[in-house]
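Let me begin by presenting the structure, written as structure tokens, before commenting on it.
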Amino acid sequence: MPVQIFNTTRKPLPEELLVRTVETVLEAEGFGIENIVAVYCGRKMIRRINREFLQHDYATDTITFRYNDGSDVDGEFYISLDVIEENAGRFGTDVRQELLRVTIHSALHLIGFDDETPEARKVMQEKEEFYLFHLPVTENKKNDNHA
């Protein structure tokens with residue numbers, strides 16, 4: 001399976017929906033998948049990864065690593081479910097929607113989008129909104145596990 005989901009927490013995840021979300025974003029953007037590992041973790045793990053690889057000593061919502069070039073993506077991303085829950089409260093959205101938004105954000109990072117400047121951040125936010133609200137992958141909520 002080209003997209004592998006690992007949940008290091010005890011929180012339930014809609015794994016099939018998350019896989020479809022990553023696949024849909026990459027396919028729509030003209031990319032294939034060689035191998036993508038998606039790790040959904042807690043605050044401690046993402047803070048350790050952020051400190052070790054990016055020299056930032058704080059928890060963040062996602063960290064993404066791409067291991068190759070070309071149109072078939074080999075990479076991995078880490079998403080903190082603790083930070084997702086906090087952000088959902090802060091932004092006034094539900095946890096499921098924030099989980100999907102950050103998963104889309106991570107997929108976009110894998111294919112080269114960044115959010116380092118206000119302009120780049122705006123492009124990413126527009127793409128997140130598009131994929132979150134206009135693609136069929138996020139419409140079929142009743143058949144997936146809860147999150």
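Tallying residues that are without any contact (Cβ under 8 Å) to a residue 40 or more places away in the chain and in contact with a helix residue (DSSP H, G or I) (Cβ under 8 Å, 6 or more places away or on another chain) within segment 36-46 yields 1. Looking across segment 56-87, just one residue is of a type in the set (A, V, I, L, M) and assigned to a loop (DSSP other than H, G, I, E, B), and that is A59. For segment 52-76, a residue qualifies if it is of a type in the set (A, V, I, L, M, F, W, C) and in contact (Cβ under 8 Å) with a residue 40 or more places away in the chain, and exactly one does: V73. Report whether or not Y67 is modelled with pLDDT under 95 and more than 16 Å from L18 (Cβ to Cβ). So Y67 fails the test. Entry remark, segment 89-134: residues being part of a helix (DSSP H, G or I) and either in contact (Cβ under 8 Å) with a residue 12 or more places away in the chain or surrounded by 18 or more Cβ atoms within 10 Å (Cβ to Cβ) (or both) number 21 in total. The condition of being in contact (Cβ under 8 Å) with a residue 12 or more places away in the chain and within 21 Å of P12 (Cβ to Cβ) holds for only one of I49, I79, I33, that being I79.
The values are calculated or read from the model by the stated rules, or taken from the named source; none is laboratory data. These figures come from a predicted structure and were not determined experimentally. Every residue, glycine among them, receives a Cβ derived from its backbone with ideal geometry; neighbour counts consider all protein chains shown.
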